[in-house]
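Please read the structure below before turning to the comments.
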Amino acid sequence: MKQLTKQLKQELINFDSIEERLHFLKNKYEGETAYIVTCGPSLAKHNVDELNERLKDKLVISIKQGYNVVKDVADFHLMNTYNFSPYTWKDDTIVYWSLSKSYADEQLNRIIEMSAPIDLYIPVINPPFLNATQTTQATCNWDDFYMMETHTEVKHGVGMMYELAIPLILLLGCKNVVVMGWDLGDPNGKPEDLEHSYNHNVEKITRPQEGEIAETMRSTDSLFDWLKEKNIDFKILSDESYVSSKFDRMQLSDISSEKQKEKQLLPKHPNTSKYPSRLFDSIKVGDWDDYFLKVIQNVNNVDGCFVEMGFGQGDSVSIIKNFMEDDGVDIKNRDIWVYDSFEGFPEPTKEDYSRRNVKKGERTHPESIAYNMGIPKNRVIKGWFENTLIDNIPDESIAVLHLDCDLYESYKTCLNILYDKVAKGGLIMFDEYMSNTQATNFPGAVQAIDEFFNDKNVNIQVAQFDNEKVQKFYMYKEKK
Ligand SMILES: C[S@@+](CC[C@H](N)C(=O)[O-])C[C@H]1O[C@@H](n2cnc3c(N)ncnc32)[C@H](O)[C@@H]1O
């Protein structure tokens with residue numbers, strides 16, 4: 001499950017109407033691969049632990065009983081009241097219901113009586129509002145998938161894939177999709193023979209009509225062409241699916257688990273690749289306080305102020321302030337300048353693309369946090385760096401520059417404008433650079449730093465925390 005989903009679910013409840021909620025979700029998962037888990041018989045063939053490990057931290061959209069298999073990692077659960085079996089929903093999953101337009105009120109009441117969560121629901125246009133020749137699988141008018149963005153309705157098609165899952169992934173902005181358990185069933189078989197991944201009894205209120213499954217199967221040929229035209233990569237994870245053979249098939253082992261992905265994305269060590277001259281000296285530090293103390297004490301003799309680019313909620317500045325109060329290091333007499341939009345991140349650029357998926361506006365904190373820490377208002381600089389670094393640069397040199405702004409353009413702007421202001425022997429701290437996690441999540445920051453120092457002979461050092469996982473990078477500007 002994605003951290004983003006937990007956050008979105010909290011925000012979703014602030015909207016009163018379904019229209020607003022759907023609108024709010026638009027393109028929120030752009031760049032993510034959507035893993036749809038529906039409950040055809042092939043789903044039962046996977047090792048559940050392996051499936052969950054591989055789907056951990058991915059965008060997972062479960063359909064009906066598929067939820068029981070991937071409950072711990074499911075972001076969305078798509079539901080209707082037909083063939084219903086009870087679920088114990090997790091608080092974080094976004095539960096999305098489809099209701100037959102002709103019985104919408106009864107079905108809604110039934111969900112409310114069951115005390116089931118409802119984060120979203122949508123009417124499905126069913127008979128008498130349409131007939132058998134007007135369904136999605138009959139018409140193959142795939143643009144109808146976009147209907148819910150404008151009409152807050154969807155068209156009936158056999159199965160939740162056509163009614164909810166595909167329209168939803170389009171709304172969320174996903175261009176890569178993997179579907180498991182979408183087997184459809186033998187086109188010559190009878191609807192009552194249709195198998196599922198689960199074998200417990202569910203109340204069978206409805207089954208597809210004679211011929212509907214075969215019609216759906218045939219429609220997937222044209223669906224493939226449409227998805228291709230829309231540049232959507234759609235793969236089937238099943239070796240017994242009747243969905244068109246034009247779709248690529250894949251295996252569970254083709255989905256890299258987080259552990260494997262970390263390994264694949266290991267950044268190249270600069271010493272062994274593009275930047276041979278940038279040697280890393282390593283120091284050991286205990287914790288954050290120890291890190292700041294050890295690296296800042298070396299600039300005791302350097303004149304200048306402390307500047308932080310990316311104040312956020314002030315965690316790092318509060319450590320610095322403690323030094324000033326404890327007299328541990330001579331930072332006491334330095335002015336502190338902090339810069340932030342206080343409206344969160346700007347729009348990331350292509351260089352920032354990563355699974356961390358930073359979003360514009362994320363990490364919005366009020367500037368009052370800085371005032372409450374005693375930083376004078378004229379040194380709390382609100383706005384986008386590219387604007388504020390024109391007229392609001394400290395009038396003295398910088399002894400410590402703490403860069404904690406995560407994104408390519410932000411790092412570039414700060415380095416381009418402030419590097420010359422850093423005093424000789426001054427310290428530059430990079431909150432994100434070359435540790436595995438930093439490089440994986442913030443490739444734009446790494447690229448900006450590498451590009452900026454490409455033609456400069458600098459020595460970037462690493463502080464290795466006692467807790468082996470954390471590494472922080474910093475450098476001292478050469479005394480000339
Ligand atoms: C990771 S947070 C900083 C965390 C902070 N140092 C702390 O310890 O709490 C990154 C901050 O950088 C700010 N930021 C990033 N790029 C920016 C830009 N171009 N202009 C203004 N603020 C920016 C964001 O608003 C966000 O608050």
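Bear in mind that the values in this text are calculations on the coordinates, not laboratory data. Bear in mind that the values here come from a model prediction, so they are computed numbers and not experimental data. Every residue, glycine among them, receives a Cβ derived from its backbone with ideal geometry; neighbour counts consider all protein chains shown.
Points to keep in mind about this one:
- Other-chain or far-sequence residues with amide H under 5 Å of ASP248's (modelled H): ILE236
- Ratio Rg/Rh [Cα only; Rh per Kirkwood] for the range 267-476: 0.93
- Here the extension length gained between GLU20 and THR133 equals 37.5 nm, from 0.36 nm per residue of separation less the Cα-Cα distance.
- Amide H contacts under 5 Å for ILE381: VAL338, TYR339, ASP340, restricted to partners 5 or more places along the chain or on a different chain, H placed in the peptide plane at 1.01 Å from N.
- Shape analysis of the range 3-263 based on the Cα gyration tensor places the equivalent ellipsoid semi-axes at 24, 23, 19 Å, largest first.
- Charging the Cβ of each Asp and Glu at -1 and of each Lys and Arg at +1, and nothing else, the dipole of the chain about its Cα centre rounds to 860 debye.
- Dipole-positive endmost among VAL299, VAL458, LEU389 within the chain (Cβ charges, Cα centre): VAL458
- Value at 222 nm in deg cm²/dmol, rounded to 500, when DSSP H runs of n ≥ 4 in the chain each add -39,500 (n - 2.57): -8000 deg cm²/dmol
- Across LYS9/LYS472; LYS9/LYS71; LYS175/LYS359; LYS64/LYS175; LYS321/LYS477; LYS350/LYS424, pairs whose alpha-carbon gap is larger than 26 Å: LYS9/LYS472; LYS350/LYS424
- The range 3-263 - charge dipole about Cα centre, Lys and Arg +1 at Cβ, Asp and Glu -1, debye rounded to 20: 360
- Taking N as the residue count of the chain, its C-alpha radius of gyration divided by 2.2 N^0.38 Å amounts to 1.19.
- Our coupling estimate for the range 218-224, obtained by passing each phi through the Karplus curve with A = 6.51, B = -1.76, C = 1.60 and θ = phi - 60°, is 4, 5, 5, 4, 6, 4, 4 Hz, Gly and Pro reported as x.
- Amide H partners (placed H, <5 Å) of ILE94, local residues excluded: PHE76, HIS77
- Bridge orientation summary for the chain: considering DSSP beta bridges with both residues in this region, about 15 percent are antiparallel.
- For the range 236-246, the Karplus equation 6.51 cos²θ - 1.76 cosθ + 1.60, evaluated at θ = phi - 60°, returns couplings of 10, 9, 5, 9, 10, 8, 8, 5, 2, 6, 5 Hz by residue, with Gly and Pro reported as x.
- Peptides 68-81, 128-141, ordered by how many other C-beta atoms sit within 10 Å of their residues on average, highest first, read 68-81, 128-141.
- Taking every Cα-Cα distance in the range 1-111 and sorting them into 10 Å bins from zero, the calculated P(r) comes out as 13, 42, 35, 10, 0 percent.
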